[in-house]
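One structure is given here, and the rest of the page talks about it.
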Amino acid sequence: MHESFPTIERDIHKEIAEKIATAKEHPLDIEKEADIIQRYADLVHESYISDIETPELRELEARIKLAMAQVATISEFKILMESAGVFTKTVLDTLAHENAHANIADQHPDTHLTHGYGLVYLKDGEDISVQPVHISEKVKGSNTIEFFDHAIAVLEAPALYENKLSDDDTREIEVLKEMKESVIASK
Ligand SMILES: [Zn+2]
């Protein structure tokens, strides 16, 4: 006879459904909040070099987190995506993609602090969509050049598993490569 754990199972699904409901109430408006999204990206990039999280960065991060349903593990992420049910790509393909990023980030704990996975709810006019993300940040005080090398490897990771890089991945790789070069040039 199988032992079953219906209570635990139900709680995880309930917990994730609540996270989705909260994020859906606060989607990032990609038109009206375009400045916030861009400013946040700029400040995150600056913090890679300064190692300083400004109050403005924390404030913008809090806004973005409101729009995000966040979970710790890949199995929770699968449930999260299935529950969200808004994918054009298959859930498995997206799981493989984000898991590839996570695998490489986990190999670099000296520079990368990982925080699981998320779905960011986006609003475009009347349309709601989601952006799947693997969440990591630079370990404060870690070597900046080493961080850039590892961050680029994290972004390129899906290609190792024959999974396509997203347009955002490709753009971010270019930004980080340029930043790395400018740090080297300034030394
Ligand atoms: Zn990606």
* Work from the charge dipole of the chain (Cβ charges, +1 for Lys and Arg, -1 for Asp and Glu, about the Cα centre) and give the residue of I74, Y48, L122 farthest towards its positive end. => I74
* To do: For a quick protection proxy, order the peptides 154-166, 22-34, 110-122 by their average other-Cβ count within 10 Å, most packed first.
  => 110-122, 154-166, 22-34
* Structure fact -> For T22 and T90, extending 7 Å from Cα along the Cα-Cβ vector and measuring point to point gives, in nm, a value of 3.2 nm
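Going through the cross-link list K140/K187; K32/K187; K14/K140, which pairs have a Cα-Cα distance over 29 Å in this structure?
As for pairs spanning more than 29 Å Cα to Cα, those are K32/K187; K14/K140.
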* Asked: For the chain, what mean projected area does the convex hull of the alpha carbons give, in nm²?
  -> 12.7 nm²
* Cα centre as origin, Lys/Arg/Asp/Glu Cβ charges: the chain dipole, Debye -> 200 debye
* Residues of type lysines that K164 reaches as a straight line, Cα spacing below 29 Å, ignoring anything fewer than 8 places off in the same chain -> K19, K24, K65, K78, K89, K123, K138, K177, K180
* Asked: When the chain is fully extended, how far beyond the present Cα-Cα distance does D149 get from T170, taking 0.36 nm per residue of separation?
  -> 6.1 nm
* Structure fact -> Neighbour-count ranking for F87, F77, F147 (other C-beta within 10 angstrom, fewest to most) reads F87, F147, F77
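FYI, it's all coordinate maths here, none of it is from the lab. Here the structure is a predicted model, which means the values were calculated and not measured. Neighbour counts are summed over all protein chains in view; Cβ atoms, including those assigned to glycine, are modelled from backbone coordinates with ideal geometry.
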